[in-house]
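We did not get these values from a lab; they are worked out from the coordinates using the rules stated. Remember, it's a predicted structure, so these values are computed and weren't measured experimentally. As a convention, Cβ positions derive from the backbone with ideal geometry for all residues, glycine included, and neighbour counts pool all protein chains shown.
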Amino acid sequence: MADYHIAMGQALVLNNLNGNTIYTGPQPIGNALRSCSAIIMVNTVTGVGGLYHKPAEASLGSQARTIIDDMNTMIQPNEIWLYYGNAVDHGSSRATDLSDLSSYLLNIVPHINNRPASTGAVSVSINAGVPQINTNQMNITGANNLTNHGAGAIPGIGGHLFM
């Protein structure tokens with residue numbers, strides 16, 4: 001099984017998240033979830049899952065909606081987590097973006113798990129059908145670094161990278 005590292009603006013969906021890990025975070029520098037959000041979608045029945053490192057916006061933009069919609073189509077999630085960076089000022093336009101994002105995700109599933117990403121990192125995997133969310137920073141040495149890859153199908157891993 002393998003670890004995959006994505007950067008801000010990227011989303012990765014794996015056809016089989018069981019035993020595989022998708023990670024986004026501080027390594028390399030500049031990838032931390034500060035005002036960004038990490039959206040994790042998982043289908044616990046099929047094992048399909050993905051993570052989107054969504055950049056901060058004043059309000060939910062059309063590019064983000066397109067990526068979320070594409071992930072929803074591929075994953076058909078029954079569980080969603082929203083981890084947000086700790087640089088969110090609840091009176092700011094970024095708070096509006098987070099509120100819009102939460103509302104948009106609630107159109108997909110009846111409940112989302114909102115949590116701060118205080119370390120600036122988040123990862124997801126599935127073990128025996130149970131999603132494993134980790135907010136610790138990972139040592140990404142040896143990980144498949146997808147930060148410089150373009151969007152599209154990733155040969156050999158059964159996955160799709162969005163940007």
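Report, by residue number, each residue of the range 132-159 that is within 13 Å of the chain's Cα centre (by Cα) and crowded, with 16+ Cβ neighbours inside 10 Å.
133, 135
Out of curiosity, is residue 43 over 17 Å from residue 104 (Cβ atoms), without any contact (Cβ under 8 Å) to a residue 40 or more places away in the chain, out of contact with any Leu (no Cβ under 7 Å at 6 or more places or on another chain) and surrounded by 17 or more Cβ atoms within 10 Å (Cβ to Cβ)? First the steps, then the outcome.
Values: over 17 Å from residue 104 (Cβ atoms): yes; without any contact (Cβ under 8 Å) to a residue 40 or more places away in the chain: yes; out of contact with any Leu (no Cβ under 7 Å at 6 or more places or on another chain): yes; surrounded by 17 or more Cβ atoms within 10 Å (Cβ to Cβ): yes.
Yes, satisfied.
Consider only pairs whose beta carbons are under 6 Å apart and that are at least six residues apart or on different chains; among these, list those whose first residue lies in the range 139-154 and is farther than 16 Å from residue 3 by Cα and whose second residue is in a strand (DSSP E or B).
151/161; 151/162; 153/160
Could you check residue 138 against (1) over 15 Å from residue 33 (Cα atoms); (2) of a type in the set (A, V, I, L, M); (3) in a loop (DSSP other than H, G, I, E, B) and say which number it fails?
Among (1) over 15 Å from residue 33 (Cα atoms); (2) of a type in the set (A, V, I, L, M); (3) in a loop (DSSP other than H, G, I, E, B), residue 138 violates only (1).
Hey, does the range 64-71 have a residue that's in contact with a Ser or Thr (Cβ under 7 Å, 6 or more places away or on another chain) and aliphatic (A, V, I, L, M)? Walk me through it before giving the result.
In the first step, residues of the range 64-71 are kept if they are in contact with a Ser or Thr (Cβ under 7 Å, 6 or more places away or on another chain); the result is none.
No, that holds for no residue.
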